[in-house]
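All remarks here apply to the structure that follows.
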């Protein structure tokens, strides 16, 4: 036990040391931020009031954005449902099939939607079809992984019993395993739908349709009032999708019940919505991406320019990867620091309900602004470079972290708090000794999860000049330098894999 | 008298009368059980006695000092003399048994060491001695979530003793334990009373156990004291505590 505590202390010191080093490496400086803080308002100020007359023009790209996310999430989920059982180790499927599939998923998971979308535009041409393909792939990779982990943690007795009675494996899976992991699968899919709406809003930056196209155009023309109205429309769409998803989520978890007739009606309506958004999707345009491009793309990606790994200094892959990892690390830590007070203020258990609702709205608003816009805002303050990346990452982490932190606070056991109060312990010490020990594991695992996400997201910060490996990758792709792009992609895959390994170790340490 | 309760009444917002004009006193070194059906107001009484809740009228005197009217600092000073154990233990589950016992030392500590959880050698030794007293010495470093119900209640008792309480309040201490473990916990409380002169005031809905372990019984029904007498009284006398409402009210 004492040894365990010592190990945990050591782990804490390691993480702290890594943070300090990463802070120095990315050139973060509170002083610089404080000096130029007034510039935060530069762009915000110009967005208000939004250009109300512009709203009708937004509707069609907004629908395209929703189309991409609805179609992509639904298709990705379907694909994941078929693939996940093949990846799970406990269903007796051949290893030869499982391992390559898992590697494929792991590789796919390393790429943010924006990079997937950029690749898709080379194959399917500009427009929302490429965006939908990117969202589908992203959803497929994340959901397959989550689902096969769920399957591996579920008991398989019923499945084996059915197989032993001569049932075929497919039907046996759907009858015996799916009921156990189904609700978790659907909750994850809903959560991904929420993220996908936000992701698909920026895919237009690389030509994949939707709101991003407008956003890119209006920020380049500095028509900030119009940017303001686009962001407002996006906030409304995100609120709509999130409340829909919260309502569906409460149905899935069985906290709310509806009659069988209403259920059928709901399913039909949802299916119709997905079908409608898929059927009216912009058709792919093969005029630009011909067979030749596809061929050179794939041959380049599969024969990466390995010499890039050996380039020393700031242009070398090693440096860029380190910078990306540092941005994600410091950004996540800073985000967690910002999220804790927001979560305490937003928890209906500790605060009066209207105040809590207000702070939750603040967190949704922060989350619905795409990271590219945050990047533009911070670049005015801290200039191009890794520090801007850190700030952007921190603010973008607030949404998810606040949500998870609030859930942790809502699940806390208040009885020890009351017991210590009855002994005359002051409120601050009660917070420290009765609540913090209960919260810490949940807070830590939320931060770790967000770090996993951030390490991938950090790869696209380059798009706004905020450091990391994204700028060279996008640059290489836009110049058809596929062998370079292949090398950078490979390094990204390796980085994500390494971080997976490390964060698994930390996770076990936190759990104790 | 160690504890004097005079004319205490409490009404909740939903207009349920939890306690009506309750008066009794407890002398030092006694083992008193408050018995009565669910909803009689037993838990409310304990919460008023340890200062977690305030009563609407009446007074509670601990060693002659009024608890009711005392505000923050003085109130906390009085609360420090009271130990409470609960039906659901109220321990921090993912922290070790030793740490939970040490929590009781927090009110006496300065800000910084208390915040950092630096309890010092003397306090650790005392907490370990108390864990040994409740026969849990070997579990000191285990997280509480890995302990059984009975062991958790023992940790909770050690935490209460860490305060050197003048009185130990026990709110249904054995209601969530199996009968054998429950008896062991009551044995322990009885030992503490006999050997160390601890005063115990226990809530229980289990008449049989209360009769076996206490010196005196207080019968509470619909917020009123309906019986105050020795534990070995004629069972027929105790019946009226549990008699149905309509038969008594005219």
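A short reminder: the numbers here are calculations on the coordinates, not readings from a lab. Since the model is a prediction, treat every value here as computed from it, not as a measurement. Positions of Cβ are generated from backbone atoms using ideal geometry, with glycine treated the same way; all protein chains shown enter the neighbour counts.
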Restricting attention to the alpha-carbon atoms of region A:48-279, what are Rg (one decimal) and Dmax (integer), both in Å? 20.0, 68
Given a Förster distance of 25 angstrom, what is the FRET efficiency for residue A:220 paired with residue A:63, based on the Cβ-Cβ distance and rounded to 0.05? 0.60
Could you work out the relative contact order of chain B, using alpha carbon pairs under 8 angstrom and six or more residues apart, expressed as a whole percent? 28
If each of residue A:239 and residue A:301 carries a label point 7 Å out from its Cα toward its Cβ, how far apart are those two points in nm? 3.9
Looking at the protein assembly as shown, send over the antiparallel percent of its DSSP beta bridges, to the nearest 5. 55
Going by how many other Cβ atoms sit within 10 Å of their own, how do A:23, B:137 line up, fewest first? B:137, A:23
I'm checking a number: the convex hull volume of the Cα atoms of region B:169-219, normalised per residue, in Å³. What is it? 72
Considering only C-alpha atoms, what is the centroid distance from region B:92-139 to region A:218-297, in Å? 54
For region A:64-140, the Debye formula with one identical point scatterer on each Cα and no solvent gives log10 I(q)/I(0) at q = 0.20, 0.22 Å⁻¹ as -0.84, -0.94
Per-residue Cβ neighbour rank within 10 angstrom, fewest leading, B:202, A:40, A:165, B:109: A:165, A:40, B:109, B:202
Take peptides A:141-149, A:463-471, A:245-253, B:126-134 and line them up by average Cβ neighbours within 10 Å, highest first, as a rough protection proxy. A:463-471, A:141-149, B:126-134, A:245-253
Given a Förster radius of 25 Å and the C-beta distance between residue A:21 and residue A:107 as r, what FRET efficiency does 1/(1 + (r/R0)^6) yield to the nearest 0.05? 0.30
If we count other beta carbons within 10 Å of each Cβ, what is the order of A:121, A:73, A:293, fewest first? A:293, A:121, A:73
Using Cα pairs closer than 8 Å and at least 6 residues apart in sequence, work out the relative contact order for region B:42-131, in percent. 18
Distance in nm between pseudo-label sites at residue B:205 and residue A:96 (7 Å out along the Cβ direction from Cα): 6.5
Segments B:48-54, A:476-482 sorted - mean Cβ within 10 Å per residue, highest first: B:48-54, A:476-482
Using a 10 Å cut-off around each Cβ of peptide A:412-420, what is the average number of partner chain Cβ atoms that fall inside? 6
Tilt relative to chain B, helix B:121-133 - C-alpha long axis, 0 to 90 degrees, to 10: 50
Hydrodynamic radius (Kirkwood) for region A:191-268, which is based on Cα pairs only, to one decimal in Å: 14.5
Of region B:214-242, those with amide N under 16 Å from the point 7 Å along the Cα→Cβ vector of residue B:53 are B:220-225
Compute the Rg to Rh ratio over region A:308-408 from the alpha carbon atoms, using the Kirkwood formula for Rh, and round to two decimal places. 1.12
Taking 35 Å as R0, compute the FRET efficiency from the Cβ-Cβ separation of residue A:501 and residue A:180 and round it to 0.05. 0.80
Kindly give the semi-axes, whole Å and largest first, of the ellipsoid equivalent to the protein assembly as shown, taking each as the square root of 5 times a Cα gyration tensor eigenvalue. 60, 29, 27
Per residue of A:432-439, how many C-beta atoms from partner chains lie within 10 Å of its own C-beta, taken as a mean? 5
Nitroxide proxy distance, nm - points 7 Å out along Cα→Cβ at residue A:247 and residue A:29: 5.2
Roughly how far apart, in whole Å, are the Cα centres of region A:385-414 and region B:35-68? 43
Counting residues in chain B as N, plug N into 2.2 N^0.38 Å and put the Cα Rg over that result. 1.03
